[in-house]
Amino acid sequence: MNKTTKIRWVIAHEPLNLFVRAAKDYQDFINQAQTAERIEVEIMTLSEYSQKYNNGVLVTKHDLLDLMEQGKIEMSQMYTTWLAERYEQDMLA
């Protein structure tokens with residue numbers, strides 16, 4: 001029996017509706033692909049994640065890298081400046 005991998009994807013990049021729509025297209029692609037039985041994609045905004053996984057305590061866009069490092073989410077849509085500040089200054093180019 002194959003294990004299903006769940007990808008919790010939190011969207012925090014503006015314009016929010018554009019990035020959520022693109023993520024949902026990806027989710028639809030995964031659901032239609034042969035991987036659908038092995039991969040589950042859950043797309044959420046910051047407020048949806050806060051309600052479902054953080055007991056209603058607000059999670060901000062600045063918490064996303066920490067959440068990924070802690071294994072609480074697997075994926076996020078965020079600004080590259082946050083990645084540059086934490087990991088690699090060359091991303092600011």
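Could you say whether any residue in segment 1-22 is of a type in the set (Ser, Thr, Tyr) and either more than 27 Å from Glu85 (Cβ to Cβ) or touching a helix residue (DSSP H, G or I) at 6+ places or on another chain (Cβ under 7 Å) (or both)? Steps first, answer last, please.
Taking segment 1-22 first, the residues of a type in the set (Ser, Thr, Tyr) are 4-5.
Still in the list and also either more than 27 Å from Glu85 (Cβ to Cβ) or touching a helix residue (DSSP H, G or I) at 6+ places or on another chain (Cβ under 7 Å) (or both): 4-5.
Yes: segment 1-22 contains one or more residues that are of a type in the set (Ser, Thr, Tyr) and either more than 27 Å from Glu85 (Cβ to Cβ) or touching a helix residue (DSSP H, G or I) at 6+ places or on another chain (Cβ under 7 Å) (or both).
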Give segment 75-93 a look and list any residue that's of a type outside the set (Ser, Thr, Tyr) and part of a helix (DSSP H, G or I), or say none. Trp82, Leu83, Ala84, Glu85, Arg86, Gln89, Asp90, Met91, Leu92
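Looking only at segment 1-51, count every residue that is assigned to a loop (DSSP other than H, G, I, E, B), open to solvent by less than 60 Å² (accessible area, probe 1.4 Å) and free of Cβ contacts under 8 Å to residues at least 12 places away in the same chain and tell me the total. Quick ask: steps written out before the conclusion?
We begin by selecting, within segment 1-51, every residue assigned to a loop (DSSP other than H, G, I, E, B); these are 1-4, 12-15, 33, 38.
Checking the rest, the ones that are also open to solvent by less than 60 Å² (accessible area, probe 1.4 Å) come to 12-13, 33.
Now restrict to residues that are free of Cβ contacts under 8 Å to residues at least 12 places away in the same chain: 33.
Looking only at that region, the number is 1.
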Mind listing just one residue for me: the one in segment 74-93 that is open to solvent by less than 40 Å² (accessible area, probe 1.4 Å) and of a type outside the set (Ser, Thr, Tyr) and, of those, nearest to Ala23 (Cα to Cα)? Met78
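When the residues of segment 52-73 are filtered to those that are open to solvent by less than 80 Å² (accessible area, probe 1.4 Å) and in a loop (DSSP other than H, G, I, E, B), which remaining residue is farthest from Trp9 (Cα to Cα)? Write out each step before concluding.
Of the residues in segment 52-73, the ones open to solvent by less than 80 Å² (accessible area, probe 1.4 Å) are 53-54, 56, 59-60, 63-68, 71, 73.
Restricting the remaining residues to those that are in a loop (DSSP other than H, G, I, E, B) gives 54, 56, 59-60, 71, 73.
Numbers: Asn54: 15, Gly56: 17, Val59: 14, Thr60: 14, Gly71: 12, Ile73: 6 Å.
The selected residue is Gly56.
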Residues located in segment 25-76, provided they are at pLDDT 95 or above, of a type in the set (Gly, Ala, Ser) and out of contact with any Leu (no Cβ under 8 Å at 6 or more places or on another chain): Gly56, Gly71
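The values are calculated or read from the model by the stated rules, or taken from the named source; none is laboratory data. Note that the coordinates shown come from a computational prediction; the quantities given were computed from them, not determined experimentally. Positions of Cβ are generated from backbone atoms using ideal geometry, with glycine treated the same way; all protein chains shown enter the neighbour counts. Protein only, heavy atoms only, side chains kept; ligands, DNA and RNA dropped before computing areas. Shrake-Rupley method; radii C 1.70, N 1.55, O 1.52, S 1.80 Å.
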